Amino acid sequence: MKKIISAVLASALTATALTAAVSAYDFGGKDLGKNWSINVQVPASEFADLTADSYVTVEFDADQAEEEYWSIKPMDSAWTFIDPNGVGGPELAEGKDAYPLQKEDTSITFKVPADVVDSIKTGGMVFIGHSITLKTLTVSSEAPVTEAPATETAPAGDANTSAGDKTNADTGVEGVAAVAAIAVIAGAAVVICKKRS
């Protein structure tokens, strides 16, 4: 019986490890307010694996009551704006010192230029912004998966009918982990049944 419990526990731990591909730094729902005076610093330890090829993704909630603008400004510990110089980053605000956001946005992804990586790895990263509440930050070697926009059904006989999006963001590691866990649990059930007979 101990072996069965150990096998089930091991499969559960394996499934958990497979689904936790990238760990996220939790901002704890930090509201950056509307006057650019509130900041939050992410410790250098969160950037141990950061390279110029890494993708930094910040998830946030935009203030839905705001009617003018939403923005985020990532900086190194010396408060120098992290500008990817058009490589691996979103469009900059008019003043070229922040990233403008939209009311419906929930995340932003950018790269850190090679000449700034060491500064981030030793001093961390600071964020200020306008009308957003920070949720999580992840650093990954792979670009984040974005959901494809919903496609409209074309009227019958339309030559531009879409065959549909063949990508599905809900498949992958989680599916493999689930199948592996089910197989282990089924195997454990067979062993229990054989021991009882």
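The values are calculated or read from the model by the stated rules, or taken from the named source; none is laboratory data. Fair warning: this is a prediction, and the values are worked out from it, not measured in the lab. With ideal geometry, Cβ positions are generated from the backbone for all residues, glycine too; neighbour counts draw on all protein chains shown. Just the protein is used for accessible areas: all its heavy atoms, side chains included, with ligands, DNA and RNA removed. Shrake-Rupley method; radii C 1.70, N 1.55, O 1.52, S 1.80 Å.
Quick check, is residue 97 on the phi < 0 side of the Ramachandran plot and open to solvent by 60 Å² or more (accessible area, probe 1.4 Å)? The answer is yes for residue 97. Screening residue 52 against (1) out of contact with any helix residue (DSSP H, G or I) (no Cβ under 6 Å at 6 or more places or on another chain); (2) at pLDDT below 95 leaves a single unmet condition, (1).
Yes or no, residue by residue, for (1) open to solvent by 40 Å² or more (accessible area, probe 1.4 Å); (2) in a loop (DSSP other than H, G, I, E, B); (3) at pLDDT below 65:
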residue: 138; (1), (2), (3): no, no, no
residue: 142; (1), (2), (3): yes, yes, no
residue: 146; (1), (2), (3): yes, yes, no
residue: 152; (1), (2), (3): yes, yes, yes
residue: 156; (1), (2), (3): yes, yes, yes
residue: 162; (1), (2), (3): yes, yes, yes
residue: 166; (1), (2), (3): yes, yes, yes
residue: 175; (1), (2), (3): no, no, yes
residue: 183; (1), (2), (3): yes, no, yes
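Scanning segment 36-73 for residues that are under 17 Å from residue 26 (Cβ atoms), open to solvent by less than 60 Å² (accessible area, probe 1.4 Å) and either touching a Pro at 6+ places or on another chain (Cβ under 6 Å) or not hydrophobic (A, V, I, L, M, F, W, C) (or both) returns 43, 57.
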